[in-house]
1. From the mean inverse distance of alpha carbon pairs (Kirkwood) and the Cα radius of gyration, derive Rg over Rh for segment 206-310.
2. Would you mind working out the accessible area per residue for segment 29-88, using a 1.4 Å probe, and quoting it in Å²?
3. Return the sequence-ordered ³J(HN,Hα) values of segment 59-68 in whole Hz as given by the Karplus equation 6.51 cos²θ - 1.76 cosθ + 1.60 applied to θ = phi - 60°, using x for Gly and Pro.
4. Counting only protein heavy atoms, what percent of the accessible surface of the chain is carbon or sulfur at a 1.4 Å probe?
5. Springs between alpha-carbon pairs under 10 angstrom, Gaussian network model over the chain: which of ILE31, ILE191, ILE115 fluctuates most?
6. In nm, give the distance between the simple-model label positions of GLU379 and THR221, each being 7 Å from the Cα along the Cα-to-Cβ direction.
7. Please state, as a whole number in µm²/s, the translational diffusion coefficient that the Stokes-Einstein equation yields for segment 30-76 at 4 °C and 1.567 mPa s, with Rh defined as the Kirkwood radius across alpha carbon pairs.
8. How much net charge surrounds ALA292 when only the other residues with a Cβ under 14 Å from the Cβ of ALA292 are counted, with Lys and Arg +1 and Asp and Glu -1?
Amino acid sequence: MNAPNGTATAESGSAAANQWLWALLGGSLVILLSMGVRQVSGLFLRPVAMELGMSREAFGAAVALQNLVWGLTQPLAGMLADRYGGRVVAFGGGLVYVAGLALAAATQDGTTFMIGLGLLGGIGQAGTAFAVIFAVLGRATPPQHRGMALAIGSTAVSVGIFTVVPIASALIDRYDWRPSMLVLAAAIAAIPLLALLLREPARPQHAAPVSAGEALSATRTDRDFWLLNLGFATCGFQLAFVSTYIPAMLADGGLGATAGAAVLATIGASNILGTWACGVAGSRWRKSRVLAVVYIVRAAAMIAFLALPLSLASAIAFGAVIGLLWTGTVPLTSQLTADLWGKRHLGFVFGLVFVGHQVGAFIGAWAGGYSYDRWGSFEPVWFLAVAASLMAAACHLVLVERPRPIALAEQGA
């Protein structure tokens with residue numbers, strides 16, 4: 001006997017109501033794996049460089065290429081996610097990511113390692129990271145739960161760093177770098193399956209009030225778009241430099257190979273609280289002002305780290321402080337992008353902003369190795385990171401935080 005229409009409707013409504021929870025679960029796990037694996041590159045520097053005969057600059061160039069490719073392909077990945085859904089993009093990105101790590105693990109020369117970790121790894125990250133996953137969560141989650149969902153997705157990045165870094169460090173210590181990288185590739189292989197959970201509500205049948213081309217035209221002539229890019233570039237520069245080179249820096253200072261893993265894990269643990277705190281602050285105060293404070297405190301933390309004698313205690317303390325400020329910039333910048341230019345093309349527009357972040361990351365990952373190979377020290381890059389932090393704070397202090405016409409048009413549609 002068929003169920004009454006009222007019962008069928010209730011069941012359908014319940015399934016639709018729970019769909020966003022599955023999207024949140026799948027998206028959080030995808031970004032946990034993608035960003036957790038990304039953060040362990042610095043642990044591979046010494047063993048890979050020794051076996052393949054790569055200089056630190058060459059290894060840094062591979063990580064720099066990964067960041068640049070990720071940034072340049074992120075707008076395309078975001079646009080595809082806006083048009084076809086994030087599930088398709090994350091599925092394909094996961095497959096490319098696996099192929100890149102597997103190729104890097106099997107290589108016998110630096111060039112192939114760069115293709116695997118740098119080129120394919122960057123493409124894979126573009127399909128499985130912030131712009132794609134945050135756009136899915138922003139569209140799939142009901143308005144009353146959207147802030148919580150984005151906060152959980154951001155926290156998943158921190159959990160990924162906290163969990164994957166010590167696991168990767170233990171694997172490298174016990175099995176060397178090639179088997180360890182294959183284990184990471186196997187973990188990333190779960191992403192295409194998790195991507196199946198990234199269901200989004202059906203798109204409205206009427207035409208979009210603003211096209212992607214119009215969104216591009218509106219942002220490229222907006223001064224504040226470029227200020228946001230410049231500030232986000234500083235974030236990428238700092239994060240790529242610290243995560244890539246602090247393990248080698250601490251090992252060179254006599255603290256042992258595990259010190260770097262301990263600091264990176266501390267960053268991940270501290271970032272769980274820091275991401276939540278940045279989200280709360282952004283809901284209470286102007287996001288541009290919160291970002292300015294983040295960059296000022298980052299500069300102060302770096303100055304203190306350089307001024308104090310190098311020790312495990314000072315390194316852990318630095319990791320705890322910088323971790324509070326690590327990826328809290330991402331949800332703040334993502335929400336600021338949505339506030340200024342709307343949500344319809346959020347994946348695409350945030351992808352454009354993310355290009356700045358990854359250009360900065362490219363420079364940070366390369367500059368550290370260049371500085372060490374040329375002058376035997378990372379200090380010049382530390383000083384540059386401090387100066388850039390103060391510049392980023394100034395950019396956000398003068399940014400005008402008000403919705404643009406394309407955002408207002410979307411609200412009126």
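The values are calculated or read from the model by the stated rules, or taken from the named source; none is laboratory data. Remember, it's a predicted structure, so these values are computed and weren't measured experimentally. Because the Cβ atoms are built from the backbone with ideal geometry, glycine has one as well, and the counts that use them run over all protein chains shown. For accessibility, only protein heavy atoms count, side chains too; no ligands or nucleic acids. Shrake-Rupley method; radii C 1.70, N 1.55, O 1.52, S 1.80 Å.
1. Working: Rg = 18.7 Å, Rh = 16.9 Å.
Ratio value, two decimals: 1.11.
2. Details: 1990 Å² over 60 residues.
Value for segment 29-88: 33 Å² per residue.
3. With the stated coefficients, segment 59-68 comes to 5, x, 5, 5, 5, 4, 4, 4, 5, 5 Hz.
4. Solvent-exposed carbon and sulfur of the chain make up 69 percent of the total.
5. Ranking ILE31, ILE191, ILE115 by mean-square fluctuation puts ILE115 first.
6. Result: 4.9 nm between the two label points.
7. Working: Rh = 11.8 Å.
Value of D from the Cα-based Kirkwood radius: 110 µm²/s.
8. On the way: positive: ARG286, LYS287, ARG289, ARG298; negative: ASP224, GLU401.
Net charge around ALA292: +2.
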